[in-house]
Amino acid sequence: MRGRCVLKILLIEDEPRVARAVQEGLQAEGFRVTIAATGEDGFFRATTEPYDLILLDLMLPGRDGLEILTALRAQKSATPVLVLTARDTVQDRVCGLDAGADDYLIKPFAFPELLARIRALARRGRSDAPPRFVLADLALDVVARTCVRNGQNIQLTNREFDLLEYLLRHAGHTVTREMLARDVWQVTERMTPLNNVIDVHIARLRAKMDTPFTSRLLRTIRGVGFVLAEETS
Amino acid sequence: MKLRFSIRWRLTLWYAAVILVTQLVVSGLIYQFMSNRLQSELVAKVDTGYAVVEAVVKNSGGDLYDIVHLGQNDRFLLTKNGAAVYVTSAWDETGLPRELDRLERVTGGQTMAPDGRVFQTRTGYLAPYGYTLSYAVDATDSRANLRTLVMILLAAVPVALILGVVGGYFLAGRALAPLETLTRRAREITAESLSQRLPVENPGDELGRLAAVFNDTLARLEDSFERLRRFTADASHELRTPLTAIRSVGEVALQHDSDGETAREALSSILVETEHLHHLLENLLTLARGDAGRTQLKPRPTDIAALAGRVTEDLRVLAEEKNQTVELTAPADVWAPADSPTLQLALMNVIHNAIRYTPERGSIRITVCVRDGSAIIDTVDSGPGIQADDRERVFERFYRVGKARSRADGGAGLGLAIARWAVEINGGTIAFVDSDSPGACCRIRLPIV
């Protein structure tokens with residue numbers, strides 16, 4: 001995706017430090033990011049320039065994020081909107097989705113999670129994930145549920161298989177423990193025990209499909225999460 | 001606006017009112033008694049005099065010559081066919097008329113003379129001789145006596161009233177004095193001196209009971225203040241630890257001319273600590289929202305057995321790492337209305353806690369069953385168990401048995417507090433109970449209907 005077409009993102013966020021950090025992070029990933037610091041400015045830009053994606057903070061001075069979202073949808077704008085909110089109560093989520101948001105992310109969020117959501121929204125409409133993933137000498141068949149590396153068949157438990165599939169689906173990108181807890185374990189509440197569980201599963205998975213082989217695919221990024229990628233030196 | 005008197009004044013007024021009413025009732029009785037007494041004395045006197053005159057008339061056979069021997073001091077009148085036949089000078093002196101039908105009746109056989117004097121009279125017909133006898137006795141004195149009595153009784157009213165008010169005020173003051181002392185002592189107790197207690201002089205009387213109740217309240221207040229103090233201290237400790245780490249790691253990394261690898265290492269450390277902080281904050285927020293009663297649940301029929309199975313399987317790897325065995329005994333399904341995510345949170349924290357405090361090669365048994373209309377989830381471990389006095393406190397925030405303040409073995413000490421919140425918000429109870437195992441047994445009880 002990267003290089004072929006540059007994704008243009010409008011970031012409507014009044015907190016300058018957050019805006020700058022997100023902008024720099026996204027630009028480093030190859031996106032083109034414009035910041036709008038107020039609701040009025042954001043709405044003006046969103047309606048006059050074509051963007052591929054809008055990142056919208058809900059709590060804004062002047063025009064509230066929900067208002068902008070409602071107004072945009074009233075103008076039949078189909079640009080995907082990812083809502084960023086510090087208000088994590090159920091009502092706010094429902095409100096945001098009702099007003100036409102495509103997804104939401106609660107502050108403080110992990111940056112890899114934001115990237116994953118942006119990629120998911122940008123990918124929308126295209127064919128879904130392939131039933132077979134290949135990365136270097138690793139091959140995973142989702143239908144037959146087999147894992148082969150360097151010609152060797154690797155026996156994985158169901159959980160390990162799901163974990164590996166998720167990592168392959170996000171190959172080359174960092175995956176946080178929070179993402180794994182929610183998407184692989186289907187646990188929405190944040191809790192410490194599950195982080196330990198994830199670490200154990202990652203260690204076991206690594207012992208089965210990575211350590212016995214010459215090159216390293218599964219890396220731990222301390223403090224952030226895990227990434228499955230070909231080693232580049 | 002309604003006037004508000006102090007209790008002392010209200011008591012005083014009540015005293016005075018009671019004394020006044022008592023006095024009026026007693027005075028009335030005295031008056032009634034005295035007036036009856038004087039009346040019957042008069043009647044007796046008249047009857048005696050009448051009987052003497054009657055006897056004289058009868059003894060002399062209707063002849064009136066003997067009657068002069070009775071003298072002129074008795075007041076009587078004899079008439080025949082309406083005309084006076086004999087009258088004493090004493091009768092005439094009273095001014096009473098000689099014609100009987102002109103006698104002015106007052107009440108109870110009393111007659112009033114024209115000059116206002118009142119006489120007790122008796123009039124009768126002496127049948128064989130055709131005489132009518134009328135005998136009178138002066139009632140003025142007894143009436144005057146009665147009036148004097150009334151005067152005395154009335155004069156006693158203000159005296160009694162004054163005595164009632166003064167005495168009542170004094171007595172009320174005496175009765176309320178210990179209350180005043182209690183008030184003063186209670187006012188001296190502040191948030192800083194909650195360990196003070198009110199003196200209980202006689203635990204059986206009303207004030208003793210009041211002081212005991214007050215002391216009980218103080219004890220509970222002191223307890224919650226103490227818990228708040230401990231919570232604040234623990235929370236700031238838990239928050240400061242990662243903050244200190246973040247700060248020092250950042251400072252050290254900046255001070256030295258660190259290469260890329262060292263800088264990355266520092267950044268990673270900072271992120272790890274940030275994650276700790278984030279978790280801590282999330283957990284505290286969950287609990288704070290629970291305290292504020294702002295958590296909305298969507299209870300749906302939930303298969304408790306399946307949920308326990310799922311959580312057990314999720315956490316089994318942690319036990320395997322410590323070579324522990326985890327055994328789940330559950331019927332096919334146990335349905336109870338519950339909010340699955342929060343209940344899962346509770347089970348995860350409880351089972352994780354059991355794994356954490358059970359030594360290597362230990363065992364954890366989880367049993368789901370239905371008893372007395374409740375779904376019961378018992379988590380029994382082979383760890384050291386929990387002392388009886390700690391069983392309640394382990395659910396307090398940041399409380400750790402043995403005060404082992406290390407994060408090396410995981411959480412910040414909020415796990416069981418969150419578990420309790422999550423179970424209770426689902427209408428259940430959670431507690432550590434006795435079991436046949438030497439280890440701890442955590443029992444979650446959820447109502448089925």
**Request:** Give the residues of segment A:146-181 whose amide nitrogen is closer than 17 Å to a point set 7 Å from the Cα of residue A:207 in the direction of its Cβ.
**Result:** A:154-161, A:164
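For Cα pairs less than 8 Å apart in space and 6+ apart in sequence, what is the mean separation divided by the residue count of segment B:300-447, i.e. the relative contact order in percent?
25 percent
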**Request:** Multiply the residue gap between residue A:231 and residue A:144 by 0.36 nm, knock off their C-alpha separation, and tell me the result in nm, one decimal place.
**Result:** 28.6 nm
**Prompt:** FRET efficiency for residue A:220 and residue B:191, Cβ-Cβ distance as r, R0 = 60 Å, nearest 0.05?
**Reply:** 0.75
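Could you work out how much longer the chain between residue B:243 and residue B:256 gets when fully extended? Use 0.36 nm per residue separation minus the Cα distance between them, nm to one decimal.
Taking residue B:243 through residue B:256 to full extension adds about 2.6 nm, to one decimal.
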**Asked** Got a sec to turn the phi values of segment B:374-386 into Karplus ³J(HN,Hα) couplings, 6.51 cos²θ - 1.76 cosθ + 1.60 with θ = phi - 60°, whole Hz, x for Gly and Pro?
**Response** 10, 8, 10, 10, 9, 10, 10, 10, 9, x, x, x, 10
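Using only the C-alpha atoms of segment A:132-228, find the volume of their convex hull and express it per residue in Å³.
Output value, Cα hull per residue: 92 Å³.
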**Message:** Report the gain in length on full extension from residue B:223 to residue B:449: 0.36 nm times residue separation, minus Cα-Cα distance, nm rounded to one decimal.
**Reply:** 77.9 nm
**Request:** Work out Dmax and Rg for segment B:1-128 from the C-alpha atoms and quote the Rg first, both in angstrom.
**Result:** 25.0, 84
**Message:** Can you report the principal axis dimensions of segment B:236-353 using only the alpha carbons, biggest first, rounded to whole angstrom?
**Reply:** 63, 41, 23
**Request:** May I have the pair-distance distribution P(r) for chain A, computed from all Cα-Cα distances with 10 Å bins from 0 and rounded to whole percent?
**Result:** 7, 29, 31, 21, 10, 2, 0
**Request:** Treating cross-link reach as a plain straight distance, find the aspartates and glutamates whose alpha-carbon is under 15 Å from the alpha-carbon of residue A:208, omitting any fewer than eight places away in the same chain.
**Result:** A:137, A:160, A:162, A:165, A:199
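Normalised by the number of residues in segment B:206-291, what is the relative contact order in percent for Cα pairs under 8 Å and 6+ residues apart?
Reported relative contact order: 29 percent.
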**For chain B, built as a Gaussian network whose Cα springs stay under 10 Å, the top-fluctuating residue of B:349, B:36, B:215** = B:36
**Complete:** Taking every DSSP bridge whose two residues both lie in the protein assembly as shown, the antiparallel percent to the nearest 5 is 75 percent
**Fill in**
Taking r as the C-beta separation of residue B:183 and residue A:173 and R0 as 51 Å, the FRET efficiency to the nearest 0.05 is 0.15
**Message:** Can you pull out the trypsin sites (Lys or Arg not before Pro) in segment A:20-92 whose DSSP state is coil and whose Cβ has at most 12 other Cβ atoms within 10 Å?
**Reply:** A:76
**Prompt:** List the trypsin sites (Lys or Arg not before Pro) in segment B:273-316 that DSSP assigns to loop (not H, G, I, E or B) and whose Cβ has at most 11 other Cβ atoms within 10 Å. Which are they?
**Reply:** B:294
**Message:** Please list, by residue number, every one of the trypsin sites (Lys or Arg not before Pro) in segment B:346-384 that is coil in DSSP and has at most 10 other beta-carbon atoms within 10 Å.
**Reply:** B:361
**Item:** Descending semi-axes in whole angstrom, ellipsoid equivalent of chain B, from the Cα gyration tensor
**Value:** 109, 29, 17
**Message:** 7 Å from Cα along Cα→Cβ at both residue B:387 and residue B:29: what's the point-to-point distance in nm?
**Reply:** 7.0 nm
**Asked** Scanning chain A for helices, which whole DSSP H stretches are 15 Å or more long along the axis (Cα) and average -1.0 or more by Kyte-Doolittle?
**Response** A:16-28, A:111-123, A:158-169, A:192-209
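Dipole magnitude of segment B:141-191 about its Cα centre, charges +1 at Lys/Arg Cβ and -1 at Asp/Glu Cβ only, in debye to the nearest 20?
Charge dipole of segment B:141-191: 80 debye, to the nearest 20.
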**Message:** Cut-off 10 angstrom, C-alpha nodes, Gaussian network model of chain B. Which of B:375, B:90, B:431 fluctuates the most?
**Reply:** B:90
**Request:** Please determine, in degrees from 0 to 90 and to the nearest 10, the orientation of helix B:304-321 with respect to the longest principal axis defined by the Cα atoms of chain B, where the helix direction is its Cα long axis.
**Result:** 50 degrees
**Fill in**
Mean separation of Cα contacts under 8 Å (at least 6 apart) over the residue count of chain B, i.e. the relative contact order in percent, is 10 percent
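Every number here is computed from the coordinates shown, using simple stated rules; none is lab data. Quick caveat, the model's predicted, so the values are computed rather than measured. Methodologically, a virtual Cβ is constructed for each residue, glycine included, from the backbone with ideal geometry; neighbour enumeration extends over all protein chains shown.
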